[in-house]
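Accompanying notes for the structure given below.
The values are calculated or read from the model by the stated rules, or taken from the named source; none is laboratory data. Just so we're clear, the structure is a prediction, and the values are computed from it rather than from any experiment. Cβ coordinates were reconstructed from backbone atoms using ideal geometry, including for glycine residues, and neighbour counts include every protein chain displayed. Just the protein is used for accessible areas: all its heavy atoms, side chains included, with ligands, DNA and RNA removed. Shrake-Rupley method; radii C 1.70, N 1.55, O 1.52, S 1.80 Å.
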Amino acid sequence: MKKLFEGLLRNPAATAFFGCMIGISFMSLLGSSFDENIVRYGTYGLSILVALFASAVALAGVFANIDSQATRFSIERSATQKAAKALLPIALSRFDEVCEKAVDIALSDDTVFADPKNAVEVREALEIGDETVRILKECIEYSDEVTQEWLTIIFARYQVASSRLLGSVADPSRVITNHTRGSHAYDWEVIRAILNHLFSFARGQEDAPSDKIDLETIAISSLHPMLGTSRCNAAQERIRHFRARLNDGNLEDFRSLN
């Protein structure tokens with residue numbers, strides 16, 4: 001029935017013809033010499049048929065409007081998804097730059113952690129920017145389930161890592177050791193590893209990212225200027241200690257913050 005009236009709605013000529021047939025029947029019945037009861041009940045029946053026809057046409061219009069809105073939403077969703085994925089490499093790069101700065105701060109000497117006033121500068125350095133957040137948020141909303149999971153983990157770890165590092169800088173009573181620096185560096189290197197894991201997908205080289213990460217990528221870069229110093233060596237050791245807790249490096253291992 002729905003398809004019948006949708007067809008009538010899409011074909012104005014057929015709709016007009018059907019309406020005319022009802023009208024002709026109605027007028028013929030009124031002008032006929034049938035029994036009064038037949039005319040009365042026939043007229044009543046045709047009136048009901050006219051009302052039902054009008055209601056059905058209106059309902060078909062509602063269905064057609066719903067289908068049109070669903071189609072438009074699907075097209076807009078697809079366009080938004082493509083746009084978000086096209087911008088994803090830029091967002092990942094910007095996020096990675098913030099993580100790199102955070103690792104530098106984590107490996108800084110005591111002067112950075114000794115003055116609480118440095119917390120303002122550190123907070124600004126850890127800001128990933130509204131545009132980056134918007135792009136990643138859209139990717140979470142429109143991407144496949146694995147990508148959504150990784151990006152959700154990134155944001156969760158970012159909040160924790162930022163809070164921990166800012167807490168160390170803002171509280172001069174905290175004793176900052178190389179182990180402490182290594183713990184902070186680990187927080188940010190985990191995020192960097194996930195970001196790098198998503199780059200192939202973001203560049204269109206994969207339909208969906210793998211749900212498993214190579215744990216060896218969670219490490220301070222071999223190009224870091226502090227590589228080989230006692231602080232960096234101690235931090236690397238700390239990173240290896242925490243990295244061992246991630247087991248196979250799959251999504252489930254990363255969901256719990258260490």
Could you tell me which residue of the stretch 158-174 is surrounded by the most Cβ atoms within 10 Å (Cβ to Cβ), considering only residues that are of a type in the set (S, T, N, Q) and farther than 13 Å from Ala114 by Cα?
-> Ser162
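Residue-wise test of (1) surrounded by 15 or more Cβ atoms within 10 Å (Cβ to Cβ); (2) touching a strand residue (DSSP E or B) at 6+ places or on another chain (Cβ under 6 Å); (3) closer than 21 Å to Thr132 by Cβ.
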site	(1), (2), (3)
Ile176	yes, no, no
Thr180	yes, no, no
Ala193	yes, no, yes
Phe199	yes, no, yes
Phe242	yes, no, no
Leu246	yes, no, no
Glu252	no, no, no
Could you look through the stretch 210-226, keep only residues that are open to solvent by 80 Å² or more (accessible area, probe 1.4 Å) and not small (Gly, Ala, Ser), and pick out the one that is nearest to Thr147 (Cα to Cα)?
-> Asp211
Is there any pair with a first residue in the stretch 158-179 that is among the aliphatic types (A, V, I, L, M) and a second that is open to solvent by 30 Å² or more (accessible area, probe 1.4 Å) whose Cβ atoms are under 8 Å apart and which are 6 or more apart or on different chains, and what are they?
-> Val160/Leu257; Leu166/Arg123; Val169/Val112; Val169/Pro116; Val169/Asn118; Ala170/Pro116; Ile176/Asp110
Report yes if Ile140 is at pLDDT 65 or above and outside any helix (DSSP H, G or I), otherwise no.
-> no
Between residues in the stretch 138-155 that are open to solvent by 10 Å² or more (accessible area, probe 1.4 Å) and residues that are outside any helix (DSSP H, G or I) and of a type in the set (Gly, Ala, Ser), which pairs lie under 6 Å by C-beta distance while being six or more apart or on different chains?
-> Asp144/Ala208; Val146/Ala208
Starting from the stretch 211-233, keep only residues that are within 18 Å of Ile191 (Cα to Cα) and among the acidic types (Asp, Glu), then list their pairs with residues that are in a helix (DSSP H, G or I) and open to solvent by 30 Å² or more (accessible area, probe 1.4 Å) whose Cβ atoms are within a distance under 6 Å, requiring at least 6 positions of separation or different chains.
-> Asp211/Val146
